[in-house]
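The structure under discussion appears below in the form of structure tokens.
The values are calculated or read from the model by the stated rules, or taken from the named source; none is laboratory data. As the structure is a computational prediction, the values presented were derived from the model and not from experiment. Every residue, glycine among them, receives a Cβ derived from its backbone with ideal geometry; neighbour counts consider all protein chains shown.
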Amino acid sequence: DFDPGGQWYRGLNVVGGADRWVEPFTKWSSHVSTHFNLYESITRAGEMAQRLPKGPTFLDIPMEVMLPAWTPPPRMGKIPAPPKTHSEASAIDEVARLLAGASSPVIISESAGKDVEAFHQTVRLAEMLSIPVVESSPGYANFPKDHPMYQGTNVNLFKDTSDVILLVGSKTPWYPPSKGPATGTVISIDEYPLKEHLTYQALHANIYLEGDIGVTVRLLADAVEANGGLNAVAISARKSQWESEHNKATEGHRATVEAAKDKGPIDPVWLCAAISEVMPDDATYIEETITHRGAILRHIAWNTPQRYFHPNGGLGQGLGTALGVKLARPNSPVVALMGDGSFLYNPVVQSFGISAAENLPILIIVFNNGKYQAMQNLHLQFYPDGVAAKTGIHHGVDITGPNYADLIKPFGGHSERVEDPAELKPALERALAAVNGGTTALVDVIVNA
């Protein structure tokens, strides 16, 4: 007789089984009660994970279900990939005509870059009509930063001055959500634009093009080309305007870096610029910061799809995401950009252990300001005349953390702690060399904010 052990009775039984325990965090979860439907249950879980909205599924297969002899079913085969859907041709054609006739269109993107085709088709459409592209709290690399149509991340500069606003994979394009565009026509392109998991969402959309983002943007660009009758003079004028704005912003960023590079302690702007200079073009960044995110988005370059990932939700996902990306891209450097507070939310020991055991070398760069700066900022924002503002005492803000550079040593990793801005680039170069040689590296950088 098989005894599954007391854990099933004393632990998981209390919450109804493993599938009930993970139910709030998954798209779908279930329990396999017999080996006779094991194959069909696994097939269903896999198919449901791939269907829109895509998400993790969980199947609880108890040990006792796996013990009996199992006979494979006579009909087994590859499960087909889910189809790529798109809106009807008439709706796409309507949007194509709106874009072609717009005098001041804009593209806002947040997550389109998770799909390679969506990235490239967005570039194609932007170039065709000289449409500026701005990112709203990006979770991915959605557009080349060196492209003259790229205009950064300040949506507020565009939402009230644009007559046609094309949301390409953007679920939260403005904040607060009630402050949508004043007059422009809003068009949302997304696999499923209305996210039921969001507590509150207001896209203010006039038109929805639902379906695969890459396919939809490609069909939209095709329709613009096929319709013809474009105003070449207006398009050329827009191109000159946004190229000039892009170049102006680029020069401003360079001036900011120049002013920051010799400051001590190290300025986060200089840290980002040094990272961008040292890392190769094929580096992939996983960013889990809060207060340093703006500097990272402005001063670290990525110009191709799937080179930047920002985990959504709670802190503590950065190292696991970095290891997963390294598993998918074993021949490219993977760089985890983390605040010291964010770093402490992660399963550090487990991550370093799996990195060493499975030969998944990654580079971790800690933006170490010794505090939860975001918490301090909120103290002052919510209670500008409060006790913390008057006394300078911010409970729970200061981090008396360890020497982070020492944590990787038991796992055979490379580590450095950097406080001198002149030593920053050499330290990053040594760390990159260690990663390229097969060793995980951690660089703990003491920053001034």
Keeping to region 335-363, report how many residues are surrounded by 16 or more Cβ atoms within 10 Å (Cβ to Cβ) and under 18 Å from D444 (Cβ atoms). 19
When you go through I165, I189 one by one, which is the residue that is within 19 Å of the chain's Cα centre (by Cα), in the same structural domain as K239 (by TED's automatic domain parsing) and crowded, with 21+ Cβ neighbours inside 10 Å? I189
Just name the residue that is modelled with the highest pLDDT out of those in region 367-379 that are buried (at least 19 other Cβ atoms within 10 Å of the Cβ), touching a Ser or Thr at 6+ places or on another chain (Cβ under 9 Å) and under 26 Å from R430 (Cβ atoms). F367
Answer with yes or no whether G55 is outside the structural domain of P148 (by TED's automatic domain parsing), in a loop (DSSP other than H, G, I, E, B), surrounded by fewer than 20 Cβ atoms within 10 Å (Cβ to Cβ) and in contact with a strand residue (DSSP E or B) (Cβ under 9 Å, 6 or more places away or on another chain). yes
Qualifying positions in region 318-348 - touching a residue at least 40 places away in the same chain (Cβ under 8 Å), assigned to a helix (DSSP H, G or I) and hydrophobic (A, V, I, L, M, F, W, C): L319, A322, V325, F343, L344, V348
Index of the failed condition, V164 passing every other in (1) in contact with a Pro (Cβ under 7 Å, 6 or more places away or on another chain); (2) at positive phi: (2)
All positions within region 408-433 that are crowded, with 20+ Cβ neighbours inside 10 Å and either of a type in the set (A, V, I, L, M, F, W, C) or part of a loop (DSSP other than H, G, I, E, B) (or both): I408, G413, V418, L424, A427, L428, A431, L432
Only one of (1) under 25 Å from F25 (Cβ atoms); (2) modelled with pLDDT under 95 does not apply to L323, and that is (2)
The residue that is surrounded by the most Cβ atoms within 10 Å (Cβ to Cβ), considering only those in region 17-52 that are closer than 20 Å to P74 by Cα and of a type in the set (S, T, N, Q), is S41
Taking the stated definitions as given, is G392 in contact (Cβ under 8 Å) with a residue 60 or more places away in the chain and farther than 16 Å from L337 by Cβ? no
With the requirement that a residue be within 29 Å of W270 (Cβ to Cβ), part of a loop (DSSP other than H, G, I, E, B) and among the small types (G, A, S), what does region 352-396 give you? G370, G392, G396
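Residue-by-condition table, conditions (1) touching a helix residue (DSSP H, G or I) at 6+ places or on another chain (Cβ under 7 Å); (2) modelled with pLDDT of 95 or more; (3) more than 25 Å from D281 (Cα to Cα):
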position	(1), (2), (3)
Q381	no, no, yes
T400	no, no, yes
N403	no, no, yes
R430	no, yes, no
A441	yes, yes, no
Any strands (runs of 3 or more DSSP E) falling wholly within region 184-302 and containing at least 2 residues that are among the hydrophobic types (A, V, I, L, M, F, W, C): 185-190, 207-210
So which residues in region 33-58 are closer than 19 Å to G17 by Cα and touching a Phe, Trp or Tyr at 6+ places or on another chain (Cβ under 9 Å)? H35, L38, A45, P56, T57, F58
In region 346-377, how many are over 21 Å from the mean Cα position of the chain (by Cα), of a type in the set (A, V, I, L, M, F, W, C) and within 16 Å of R293 (Cα to Cα)? 1
Of the conditions (1) within 23 Å of the chain's Cα centre (by Cα); (2) in contact (Cβ under 8 Å) with a residue 40 or more places away in the chain; (3) closer than 17 Å to A91 by Cβ; (4) surrounded by 18 or more Cβ atoms within 10 Å (Cβ to Cβ), A141 fails just one. Which one is it? (3)
Subset tally (residues that are under 27 Å from the mean Cα position of the chain (by Cα) and in contact (Cβ under 8 Å) with a residue 40 or more places away in the chain) for region 419-428: 3
